[in-house]
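The values are calculated or read from the model by the stated rules, or taken from the named source; none is laboratory data. Small disclaimer: the values here were computed from a predicted structure and weren't measured. Positions of Cβ are backbone-derived with ideal geometry, glycine not excepted, and every protein chain shown enters the neighbour counts. Remember, those area values only see protein heavy atoms, side chains included, never the ligands or the DNA or RNA. Shrake-Rupley method; radii C 1.70, N 1.55, O 1.52, S 1.80 Å.
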Amino acid sequence: LNLFVYGLTLSMGGDNADLIPIPAALFNSSLLLGGFSQLFLTASAKGVLVHPYFIAGWCALTTQALNLLPVGCIDGGRMTQAAFGRRVLGATSLGTYIGLAFGVIASSLSLPWAIYLVLTQRTPEFAPKDDVTEVDETRARLAFAMTAVAFLILLPSAPDVGVDQVQNIL
């Protein structure tokens with residue numbers, strides 16, 4: 001997160017020699033990161049000029065969000081099982097697999113990540129030593145919040161539709 005914010009602040013001036021152009025359509029690949037970035041960055045004729053730290057931060061947050069998906073033995077699966085139990089992990093795993101299969105979650109990364117999950121991470125984590133004691137409310141809320149942020153990072157935003165494109169449809 002620090003790298004993303006630092007890269008965003010270095011990108012806001014728009015006149016640094018270190019800035020590189022990226023297509024503005026890239027911001028539609030993440031609802032949370034793209035929406036937050038579009039508040040501070042503007043597009044030029046070459047695209048959006050950003051600092052390499054911004055791109056590195058974006059990639060790091062996307063990787064962490066993929067790892068927090070509630071599936072199998074990855075961090076999100078372990079967190080979901082510990083906070084909510086095996087039944088919830090099974091239900092959320094099914095929903096995540098369906099979202100990845102249809103490309104709703106993580107758009108262009110969904111198929112490779114789904115294949116990785118199916119081949120290597122399908123089995124749920126072993127039951128903890130103390131499976132009877134429930135997780136306190138604060139930790140359960142934190143686990144839910146982290147999963148929600150992961151989905152907000154991985155869900156694509158709606159594409160920008162101009163007025164003339166709407167008139168063409170009508």
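Evaluate segment 155-166: report whether one residue or more is assigned to a helix (DSSP H, G or I), touching a Leu at 6+ places or on another chain (Cβ under 7 Å) and modelled with pLDDT of 85 or more. No, segment 155-166 has no match at all. Annotation for segment 1-24: at least one member residue is touching a residue at least 60 places away in the same chain (Cβ under 8 Å), part of a loop (DSSP other than H, G, I, E, B) and among the aliphatic types (A, V, I, L, M). Among the residues making up segment 94-116, those that are more than 14 Å from A150 (Cβ to Cβ) and of a type in the set (S, T, Y) are Y97, S107, S108, Y116. The listed residues are T138, T63, T147, and the only one of them that is within 12 Å of the chain's Cα centre (by Cα), loosely packed, with under 15 Cβ neighbours inside 10 Å, outside any loop (DSSP other than H, G, I, E, B) and modelled with pLDDT of 85 or more turns out to be T63. Within segment 96-119, the set of residues being open to solvent by 20 Å² or more (accessible area, probe 1.4 Å), touching a residue at least 24 places away in the same chain (Cβ under 8 Å) and part of a helix (DSSP H, G or I) comprises Y97, S107, S108, L109, W113.
Checked against (1) on the phi > 0 side of the Ramachandran plot; (2) surrounded by fewer than 19 Cβ atoms within 10 Å (Cβ to Cβ), G72 meets all criteria but (2).
Here is the figure for segment 13-36: residues that are at pLDDT 85 or above and over 14 Å from the mean Cα position of the chain (by Cα) total 5. One residue stands out among those in segment 33-53 that are open to solvent by 70 Å² or more (accessible area, probe 1.4 Å) and assigned to a helix (DSSP H, G or I): the one that is farthest from A158 (Cα to Cα), which is Y53.
Screening S37, S44, S29 for residues that are closer than 25 Å to S110 by Cα, of a type in the set (G, A, S) and touching a Pro at 6+ places or on another chain (Cβ under 8 Å) leaves exactly one candidate, S29.
Just checking, does segment 78-93 include any residue being modelled with pLDDT of 90 or more, of a type in the set (G, A, S) and in a helix (DSSP H, G or I)? Yes.
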